[in-house]
Number of protein chains: 2
Amino acid sequence: MTEIITIGNELTEGRISDTNAKWLAERMTMAGFTVSRISSVRDDRETLAGVIREASGRSDIVILSGGLGPTTDDVTKGALCDLTGSKLVGEKTVFLHIKKMLKERGLKLNENNRKQSEIPEGSKAIANPLGTAPGIWIEKEGKVIVAMPGVPFELENMAEKEVLPRLKATFSTPSSYYRTIMTSGSFEAMLAEILGDFEKQLPSGVSIAYLSSPGVIKLRLGARAGSDNEAREMVEREVEKLNKIIPEYITGYDDETLEMTVGRLLKAAGRSLCTAESSTGGTVSSMIVSVPGSSEYFKGGIVAYSNEFKINLLEIDNTILDKYGAVSRQTVEAMAKNSCRITGSDYSIAVSGIAGPEGGTPAKPVGTVCIAVNSPSGCIAKKFSFGDNRRRNIQRASMAALNMLRKRICEEES
Amino acid sequence: MTEIITIGNELTEGRISDTNAKWLAERMTMAGFTVSRISSVRDDRETLAGVIREASGRSDIVILSGGLGPTTDDVTKGALCDLTGSKLVGEKTVFLHIKKMLKERGLKLNENNRKQSEIPEGSKAIANPLGTAPGIWIEKEGKVIVAMPGVPFELENMAEKEVLPRLKATFSTPSSYYRTIMTSGSFEAMLAEILGDFEKQLPSGVSIAYLSSPGVIKLRLGARAGSDNEAREMVEREVEKLNKIIPEYITGYDDETLEMTVGRLLKAAGRSLCTAESSTGGTVSSMIVSVPGSSEYFKGGIVAYSNEFKINLLEIDNTILDKYGAVSRQTVEAMAKNSCRITGSDYSIAVSGIAGPEGGTPAKPVGTVCIAVNSPSGCIAKKFSFGDNRRRNIQRASMAALNMLRKRICEEES
């Protein structure tokens, strides 16, 4: 069993999200360990020493995050000394590393820096190439207590490079293998119903988890087995079955987001893209641009928020807007076609909807969104209903638009 | 002392962020309670009963979240029965509420629903108008254990309406008052240095917390005192001082985001806005549009990601791009001026930068961003450096652009 303890008043006062605990819990689980408890405690040396003592009484592995800085708030080293009945001693390799880091930044060594190079006697320092606070590894009677700095990128780097490999070498864990399947176009209850029989037939040792966010559900299939190969085969067999059961919902694998998938497909096909957005207000284009290298296929977008903008910049015929309204299949079709023509792009996405809270009518309530995708062979448009929460509405419409584009590219370019 | 316990394997396996714990910790702190520990545990009845027992031994208030659903995974009620030596009994008011909810949704009552209406004997049900799982309130020997459903909006509603008021009525907490000051245009270490003397002179009982995110630092000033009035006065006195020390960084109060501030100022002045974005790819316009009612002042935007787009749609002179490059004060000035002219807007924001990871040069490394704001009285442009992380670079550039616009509107319209 593993326990994670995160340290800091900013956590118990709810000032920040405990991203380190989530990250560590996920990585440890995927490495084959079982996390039985996560605790967040205040910056109090005595309490912390007690909490670590309890945890290491129950569990083989205790991972600490935070409280390793040089200020009086930082109580982790003191708590570890109390626990092990040791005192702090200077660690030369750490001192030299800190000296080198400060020199590179043009800073002078001070008393705080010297303190940072101290670790409890009998423990081992863990290198922190990205910061000045070293990690601490204490091994005793078959149990390990490991402390890492609370700065997320320092902790993640230290965990990946040093702590996880050492823990795997110290404890025998079952071999494990995980695969993430990205899906779009459904919601959790719907997908769970479709996959009811699939879940029932999963062999023991294989697990499935649904990770939902607006417009995207990730399915995580995992297995623990006697060997890496066996675990991988167990999972891949189920992934193949999923590919046959829900091909229309699967957009990618292993954390490839929809905007990354779309980018990959466009690059492979040598095609270009533009956007014409109304209600999503630039969210679709900002997602496309979040992908490094998107300038290879993304020409740009027009955020035609007002009708005036739609008429003047997207050259939408006034009569279409008058007859069908801004939120209509006809309008988004015209937006998609015109944006391709104006910008000389191969593909385009157009979105127009009622994001709310105002602007709904009985015929077109808040949440109504029309999306069109224009491609070399023509234009398709669809009407959706995404509910009355403005933020979620915009997110879901953006994901649906990217998914429509993805499907269209797959059809056209295959 | 208060402890929070969140329940579910999805937490200990790191599949989801523990947003309930953060939310509860923040609200409890702001209500004058001290949260000493947050624990997340697996869906295991026996372990959970033990964890609750320990927590209620140490603390007066134990708040539980999750595990109240009708499936076998849901172990909270069982654990509470184990703890109190009681059994589950049907609660008529809850049963009638569930029956009514299901009827409204056109669903039939089943065995699971009946189970949901049961609570441990001797406890009190807490109404859940937004869902079928009731909350549970157990009061014994001056201590309270309260269980709430894990669905965030159900929990938040129940906590606001029922649990927080009851806890405040049951326990005498110091009066407290909090104020959030929104700042932009600095970073945490810089602001902490500027505010060094201010922090030192803070009277005892008044606290300051820095809540940082890319481009925005919220300062939360809080006080606990004998009366609400006293606490409010203590905080407001310090807020006034802050207004004098860092007026150029303060953008708003009490969670008014920069895009909300900008919207409020534009509405008050009866002015319109458009955007011309390159590297931020629509992020600025999507932020503007995230504010309900933004159609009153936002006409739309042009995401001119390629030079072709800048030339054809923003009518940027080719010679400017050739001479100064796409990332230059000259180019963003032209983008800002032309977008105002083309769309007939009073104000515009233009952004062009090198978001990375590719595209940097020695003269213009990754992170270089130029921003211009055009207003009725002219155009100003600035060059920034936002570091080499693409996502943060885009976020910080977008915040800086909105902040430049905010300052400009304040200068012009006052």
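No value in this document is a laboratory result; all are computed from the given coordinates. Keep in mind it's a predicted model, so treat the numbers as computed, not measured. Note that we place each Cβ from the backbone using ideal geometry, even for glycine, and neighbour counts take in every protein chain shown.
Below, the figures for the structure above:
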{"read-out": "Rounded FRET efficiency, nearest 0.05, which uses the C-beta distance separating A:ARG105 from B:LYS323 and R0 of 41 Å", "value": "0.65"}
{"read-out": "Cα-based shape type of the stretch B:2-170, given that a ≥ b ≥ c are square roots of the gyration tensor eigenvalues and the cut on a/c is 1.5", "value": "rounded"}
{"read-out": "Net dipole in debye of the stretch B:55-119 [+1 Lys, Arg Cβ; -1 Asp, Glu Cβ; about Cα centre; nearest 20]", "value": "380"}
{"read-out": "Estimated Rh, chain B: Kirkwood, alpha-carbon pairs, angstrom", "value": "24.9"}
{"read-out": "The stretch A:175-253: mean projected area of Cα convex hull, nm²", "value": "4.7"}
{"read-out": "Normalised contact order of chain A, rounded percent, pairs of Cα under 8 Å and 6 or more residues apart", "value": "10"}
{"read-out": "Low-density loop positions, GluC sites (Glu not before Pro), the stretch B:304-360 - DSSP coil, at most 12 other Cβ in 10 Å", "value": "B:GLU358"}
{"read-out": "Cα-centred dipole magnitude for the stretch B:282-414, charges only on beta-carbon of K, R (+1) and D, E (-1), debye, nearest 20", "value": "400"}
{"read-out": "Degrees separating the helix B:19-30 axis from the principal Cα axis of chain B, which is the longest one", "value": "90"}
{"read-out": "Label geometry 7 Å along the beta-carbon vector: A:ARG58 inter-copy distances in nm", "value": "1.0"}
{"read-out": "Charge context of B:GLY293, other residues only, Cβ under 13 angstrom, K/R +1, D/E -1", "value": "0"}
{"read-out": "Residue of chain A whose Cβ sits closest to the axis mapping A onto B, with distance in whole Å", "value": "A:GLY282, 1"}
{"read-out": "Computed FRET value (nearest 0.05) for B:GLU139 with A:LYS244, which takes r as the C-beta separation and R₀ as 60 Å", "value": "0.65"}
{"read-out": "Local electrostatic count, A:ASP254, Cβ distance below 12 Å [Lys/Arg +1, Asp/Glu -1]", "value": "+1"}
{"read-out": "Cleavage-rule hits (chymotrypsin sites (Phe, Trp or Tyr not before Pro)) in the stretch A:250-307: DSSP loop, at most 16 neighbouring Cβ within 10 angstrom", "value": "none"}
{"read-out": "Counting DSSP beta bridges with both ends in the protein assembly as shown, the antiparallel % (nearest 5)", "value": "65"}
{"read-out": "Nearby lysines by direct alpha-carbon distance to A:LYS364 (threshold 28 angstrom, same-chain neighbours under 8 apart not counted)", "value": "A:LYS310, A:LYS323, A:LYS337, A:LYS382, A:LYS383, A:LYS407, B:LYS103, B:LYS267, B:LYS299"}
{"read-out": "A:ALA268 versus A:THR361: modelled label distance in nm, points set 7 Å from Cα along the beta carbon direction", "value": "4.3"}
{"read-out": "Likely footprinting exposure, A:THR257, A:THR6, fewest C-beta neighbours within 10 Å first", "value": "A:THR257, A:THR6"}
{"read-out": "Sorted by Cβ density within 10 Å, fewest first, the residues A:ARG15, B:ARG408", "value": "A:ARG15, B:ARG408"}
{"read-out": "The stretch A:21-67-the stretch A:155-212 distance, computed between alpha-carbon centres (Å)", "value": "21"}
{"read-out": "Residue exposure sequence - A:ASP346, B:ASP388 - by fewest surrounding Cβ within 10 Å", "value": "B:ASP388, A:ASP346"}
{"read-out": "Ascending list, in nanometres, of distances separating the B:PRO247 label from those of the other copies (7 Å, Cα toward Cβ)", "value": "6.7"}
{"read-out": "All lysines inside 16 Å of B:LYS22 as judged from Cα atoms, apart from same-chain residues fewer than 8 positions distant", "value": "A:LYS22"}
{"read-out": "Dipole moment magnitude, nearest 20 debye, chain B about Cα centre, only Lys, Arg, Asp, Glu C-beta charged", "value": "440"}
{"read-out": "Of A:PRO152, A:GLY353, B:GLY196, farthest towards positive along the dipole that unit charges on Lys, Arg, Asp, Glu beta carbons give the protein assembly as shown", "value": "A:GLY353"}
{"read-out": "Rounded tilt (10° steps) of B:92-104 against the dominant C-alpha axis of chain B", "value": "40"}
{"read-out": "Spacing of the two label points (7 Å from each Cα toward its C-beta) at A:GLU413 and B:LEU88, in nm", "value": "5.2"}
{"read-out": "B:PHE171-B:ARG392 pseudo-label distance in nm [points 7 Å out on the Cα-to-Cβ vector]", "value": "3.7"}
{"read-out": "Cβ-based net charge around B:TYR324, under 15 Å, with every Lys or Arg adding one and every Asp or Glu removing one", "value": "+4"}
{"read-out": "Cβ-derived FRET efficiency at R0 41 Å, A:ARG53 paired with A:GLU256, nearest 0.05", "value": "0.40"}
{"read-out": "For the protein assembly as shown, alpha-carbon Rg over 2.2 N^0.38 Å", "value": "1.00"}
{"read-out": "Principal-axis tilt of helix A:258-269 within chain A, Cα atoms, nearest 10 degrees", "value": "60"}
